[in-house]
Amino acid sequence: MGFESITDFLAMGGHGLYVWLSYAIALVVVVLNLMAPLRTKKQIHKEQARRLRREQSQI
Amino acid sequence: MADKKWMPRWFYQLASPRWCYDITGKLLPLFAWAAALLLLGGTAWALAFAPADYQQGNSFRIIYIHVPSAILAQSCYMLMAIAGAVGLIWKMKVADMVAKCCAPIGASIAVLALATGAIWGKPTWGAWWVWDARLTSMLILLFLYFGVMALNSAIENQTTAAQSTAVLSLVGLVNIPIIKYSVEWWNTLHQPATFTLTERPAMPFEMWMPLLIMVLGFYCFFAVTVMLRLRNEIVTRERRSGWVKDLIQTQFR
């Protein structure tokens, strides 16, 4: 472990803001890249299920 | 002789949307686990256990996000251009879909590389941004992604849209070697490549090993998000076919 204490770890030798901001942006980018397609998937499946029901009720 | 097959069998299987949907369904959990383990382990190692740089101190830990995202942003562009070319040459629909899925992911990763670069630049160079060859060519990469996305959504017909974006991304491919060699061709503030195939890294093992883990983790994460988008694209475009109808009916009652 390269740090003495947890405050030391958070401070990052005075560069805490830069380091943590970078990792936070990375987390946001990763999460958004997973959320976006999963949300689209839900939408597509809902839409297609509705379309199928409509088609079947017409027959 | 017209149907002579001179590419390996998997190449033709790849052309089948259904086969692609099935295989990505099997690969997704593998890559998701690999990405989660590599990224979590890599981040812990990078933040807590890797030694601080003797000149830059702890701000150097930004490298573990910056370098993987910069590498991935370029790899993603190359995949997009190659998939576009395959789509142009073999008229392969799945390749067109892959190319389309790459653009928004690549754009977000390029933003990440630029943002972390700026944040790292502030304590290291004293400036958020300089109009340096490496930074400028990376910004052009981001604009190329935006251009591809805009062009793709501007054309109604899917085939025409795929063809035009493929041509645009192939032309933009010239930017990739410019990014790579920008640190050698021009005087620059940016440091040269961390990893090369021919030489040992200039850093100690405890510094480059977590970096390698993060790069692999980013690639696995990229595979996951591309496959998620690709599966959506396949279901949307193949919605009239029997197997997608069956899929919808069995999954959503």
Margin query: If a residue must be open to solvent by less than 60 Å² (accessible area, probe 1.4 Å), within 7 Å of chain B (Cβ to nearest Cβ) and not small (Gly, Ala, Ser), how many such residues does region A:19-53 contain?
Written below: 13
Next item on the list: Name every residue in region B:109-138 that is of a type in the set (S, T, N, Q) and open to solvent by less than 30 Å² (accessible area, probe 1.4 Å), in order of residue number.
Entry: B:Thr116, B:Ser137
Check: Just wondering, is there one or more residues in region B:69-88 that are more than 8 Å from chain A (Cβ to nearest Cβ), over 25 Å from B:Thr196 (Cβ atoms), surrounded by fewer than 19 Cβ atoms within 10 Å (Cβ to Cβ) and not charged (D, E, K, R)?
Finding: yes
Note to self: For region A:2-27, give me each residue that is assigned to a helix (DSSP H, G or I) and among the hydroxyl-bearing types (Ser, Thr, Tyr).
What the structure shows: A:Thr7, A:Tyr18, A:Ser22, A:Tyr23
Check: What's the number of the condition B:Val174 fails, among (1) buried (at least 17 other Cβ atoms within 10 Å of the Cβ); (2) closer than 27 Å to B:Ala103 by Cβ?
Finding: (1)
Next item on the list: Pull up region A:1-17, narrow it to residues that are open to solvent by less than 50 Å² (accessible area, probe 1.4 Å) and closer than 17 Å to B:Thr124 by Cβ, then point me to the one that is farthest from the other protein chains (Cβ to nearest Cβ).
Entry: A:Gly16
Next item on the list: Just give me the residues in region B:37-51 being open to solvent by less than 50 Å² (accessible area, probe 1.4 Å) and at the interface with chain A (Cβ under 8 Å from one of its Cβ atoms), in sequence order.
Entry: B:Leu39, B:Thr43, B:Leu47, B:Ala48, B:Ala50, B:Pro51
Margin query: Against the conditions (1) in a loop (DSSP other than H, G, I, E, B); (2) loosely packed, with under 12 Cβ neighbours inside 10 Å, where does B:Glu184 fall short? Just the number, please.
Written below: (1)
Next item on the list: Look at B:Val215 and say whether it is without any contact (Cβ under 8 Å) to a residue 40 or more places away in the chain, in contact with a helix residue (DSSP H, G or I) (Cβ under 8 Å, 6 or more places away or on another chain) and part of a helix (DSSP H, G or I).
Entry: no
Note to self: So in region B:52-68, with the set limited to residues that are of a type in the set (A, V, I, L, M) and open to solvent by 10 Å² or more (accessible area, probe 1.4 Å), which one is farthest from the other protein chains (Cβ to nearest Cβ)?
What the structure shows: B:Val67
Notebook entry, point to check: Counting only residues that are of a type outside the set (Val, Ile, Thr) and outside any helix (DSSP H, G or I), which one in region B:139-165 is surrounded by the fewest Cβ atoms within 10 Å (Cβ to Cβ)?
Noted result: B:Glu156
Margin query: Against the conditions (1) more than 16 Å from B:Met80 (Cα to Cα); (2) touching a Leu at 6+ places or on another chain (Cβ under 8 Å); (3) hydrophobic (A, V, I, L, M, F, W, C); (4) in a helix (DSSP H, G or I), where does B:Leu168 fall short? Just the number, please.
Written below: (1)
Note to self: Looking only at region B:185-224, count every residue that is more than 22 Å from the chain's Cα centre (by Cα), of a type in the set (A, V, I, L, M) and within 14 Å of chain A (Cβ to nearest Cβ) and tell me the total.
What the structure shows: 1
Note to self: Take B:Ala34 and tell me if it is surrounded by fewer than 21 Cβ atoms within 10 Å (Cβ to Cβ), over 30 Å from B:Leu139 (Cβ atoms) and touching a residue at least 40 places away in the same chain (Cβ under 8 Å).
What the structure shows: yes
Notebook entry, point to check: Can you tell me how many residues in region B:187-225 are open to solvent by less than 40 Å² (accessible area, probe 1.4 Å) and closer than 21 Å to B:Cys76 by Cα?
Noted result: 13
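The values are calculated or read from the model by the stated rules, or taken from the named source; none is laboratory data. Given the structure is predicted, the values throughout are model-derived calculations rather than measurements. Ideal geometry is used to build each Cβ from the backbone, glycine not excepted, and the neighbour counts take in all protein chains shown. Surface areas here come from the heavy atoms of the whole protein model, side chains and all, with no ligands, DNA or RNA. Shrake-Rupley method; radii C 1.70, N 1.55, O 1.52, S 1.80 Å.
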